[in-house]
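Here's the structure we're looking at; comments come further down.
No lab work stands behind these numbers, since they all come straight from the coordinates. Everything numeric here is computed off the predicted structure, so don't read it as measured data. So basically every Cβ, Gly included, is an ideal-geometry build from the backbone, and we count neighbours across all protein chains shown.
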Amino acid sequence: MVNTNTWQTSLSLQSFNLEVPVDDHERIEKVQEYVANYINADWIESLTATSERSRRLSPPAFRYQLTELARKAGKRIVLPEGDEPRTVKAAAICAERGIATCVLLGNPAEINRVAASQGVELGAGIEIVDPEVVRESYVGRLVELRKNKGMTETVAREQLEDNVVLGTLMLEQDEVDGLVSGAVHTTANTIRPPLQLIKTAPGSSLVSSVFFMLLPEQVYVYGDCAINPDPTAEQLAEIAIQSADSAAAFGIEPRVAMLSYSTGTSGAGSDVEKFAKQLVWRRKNVLTWMIDGPAAGTTLR
């Protein structure tokens, strides 16, 4: 029984927030207990067994799955912007949730001062590396990697003043598993060292990027929005493959749409022709996922 009429009650029900935050352990346990006790898994499976619709991962489920995968992986991630306030706070959250071991590059005293100002503790799960202490040990490796470009020890020491370069060499030496930057560095400054020192993956001719866009009901993967400004038809095909592979790696079934200002043959221009060429090229090859385009963003579902 409630103290409101039907209309007011329905409005109240519509305003309920059904999302469960990944750090709300009490609510997660209550939901798990209720589902386990009152919802029959076989019955749910019977409702979807004959459905031809692909499974869509909701944003809350995606965040939860991503967090669990990270916990199980137990990776070390270097953060070159180690004294940047948002970076310090994010590292503390990662450590608290067991998502990853974060390696903060920077002056230890300054990093601890920033942490104190943010009201966070840098305990287990966080490492602080002083670039002044370790920088010299990477000079020889940088000279070796860039010797064909005329790299000298003097220039190497100058470049290693950039923590992104230092962090990239740590990644190249397998001392860490990943690098996250961009709070104060531009995209160009972040990706230039890996392109120079680590290069592309075997079998790839270019590097592309993806964004995971968490919409109200589903997750989209957008690629490539940051690195290749005017790709050729062949490069577009490779970007599509890399983006689809990234989606699959994160548990999202790839269904690729090539975005354009035009849908199908409704428009004209070099970009539309480029999309058409690469689509024909891809359809001649064996595909393990769906691809279509060109398509305007407003036509996608």
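Using label points projected 7 Å from each Cα along Cα→Cβ, tell me how many nm separate Ser204 and Asn107, to one decimal.
3.6
Under a cut-off of 20 Å between alpha-carbon atoms, report the aspartates and glutamates in cross-link reach of Lys30, not counting same-chain residues fewer than 8 places apart.
Glu19, Glu68
Once phi is turned into ³J(HN,Hα) by the Karplus curve 6.51 cos²θ - 1.76 cosθ + 1.60 with θ = phi - 60°, what whole-Hz value does each residue of the stretch 32-47 show in order, with x for glycine and proline?
After applying 6.51 cos²θ - 1.76 cosθ + 1.60, I find 4, 5, 5, 4, 5, 8, 10, 10, 8, 5, 5, 5, 4, 4, 5, 6 Hz.
Per residue, how much space in cubic angstrom lies within the convex hull of the C-alpha atoms of the stretch 1-146? Spell out each step's value before the answer.
Working: hull volume 34.8 nm³, N = 146.
Per-residue hull volume (Cα only) is 239 Å³.
R0 = 41 Å: FRET efficiency of Asn40 with Ser117, Cβ-based, nearest 0.05?
Working: r = 52 Å, r/R0 = 1.26.
Calculated value: 0.20.
Give the whole-number value, in cubic angstrom per residue, of the convex hull volume spanned by the C-alpha atoms of the stretch 112-259.
Value for the stretch 112-259: 178 Å³ per residue.
Roughly speaking, what is the stretch gain from Leu197 to Thr4, that is 0.36 nm per residue apart minus the C-alpha to C-alpha distance, in nm to one decimal?
62.9 nm
Within 10 Å, count the other beta carbons around each residue, average over each peptide in 40-46, 78-84, 123-129, and list them highest first.
78-84, 123-129, 40-46
What does the charge count around Val210 come to, taking other residues whose C-beta lies under 14 Å from its C-beta (Lys +1, Arg +1, Asp -1, Glu -1)?
Net charge in that neighbourhood comes out at -3.
Roughly speaking, what is the stretch gain from Tyr64 to Glu26, that is 0.36 nm per residue apart minus the C-alpha to C-alpha distance, in nm to one decimal?
12.2 nm
Roughly speaking, what is the stretch gain from Leu11 to Cys225, that is 0.36 nm per residue apart minus the C-alpha to C-alpha distance, in nm to one decimal?
73.1 nm
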